[in-house]
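Asker: Take this structure, written in structure tokens, and hold onto it; I'll ask about it next.
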């Protein structure tokens, strides 16, 4: 495969995970800024919130947690749809708003759990919006 073709395939394969990584890292960094370095309980709370969100999303998307699906992502995408400006940056703005509202009211472990949940759900919802816009514009 030619280098440009390989790069194109790599970017399409990495795009969604890359945006989620930016979202989770950014949200975690903002939490650390607001609350300090988390205890192990805070880390587990953040990951637990993200896992709870992924479970909730899976229950909405599938017929149950043990439903078997074949990955099908056959539709064509515009290159711009892998940048994730809305899904990553928009969701970070939402994370910031949650952290700003939670800081005086919630203990750290609750805030970490809430933002882990919000970042995961928010990213996936905004990703659906980005994909829809890319299909309409493209």
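Asker: Take the residues in segment 85-128 that are under 13 Å from residue 45 (Cβ atoms) and surrounded by fewer than 16 Cβ atoms within 10 Å (Cβ to Cβ), then tell me which one is nearest to the chain's Cα centre (by Cα).
Answerer: Per the stated criteria, the residue is 110.
Asker: Please tell me if residue 29 is under 19 Å from the mean Cα position of the chain (by Cα), closer than 30 Å to residue 114 by Cβ and at pLDDT below 90.
Answerer: No: the conditions fail for residue 29.
Asker: Right, another one. Which of the residues that make up segment 25-40 are touching a residue at least 24 places away in the same chain (Cβ under 8 Å), farther than 25 Å from residue 127 by Cα and assigned to a helix (DSSP H, G or I)?
Answerer: Matches in segment 25-40: 34, 35.
Asker: Out of everything in segment 1-24 that is loosely packed, with under 12 Cβ neighbours inside 10 Å and assigned to a helix (DSSP H, G or I), what residue ends up being nearest to the chain's Cα centre (by Cα)?
Answerer: Here the residue is 17.
Asker: Here's another thing I want to ask about it. Could you look through segment 67-123, keep only residues that are outside any loop (DSSP other than H, G, I, E, B) and modelled with pLDDT under 80, and pick out the one that is nearest to residue 35 (Cα to Cα)?
Answerer: So, considering only residues that are outside any loop (DSSP other than H, G, I, E, B) and modelled with pLDDT under 80, the one nearest to residue 35 (Cα to Cα) is 82.
The values are calculated or read from the model by the stated rules, or taken from the named source; none is laboratory data. Every value quoted in this text rests on a predicted model; they were computed, and no experiment measured them. Glycine also receives a Cβ, built like all others from the backbone with ideal geometry; neighbour counts cover every protein chain displayed.
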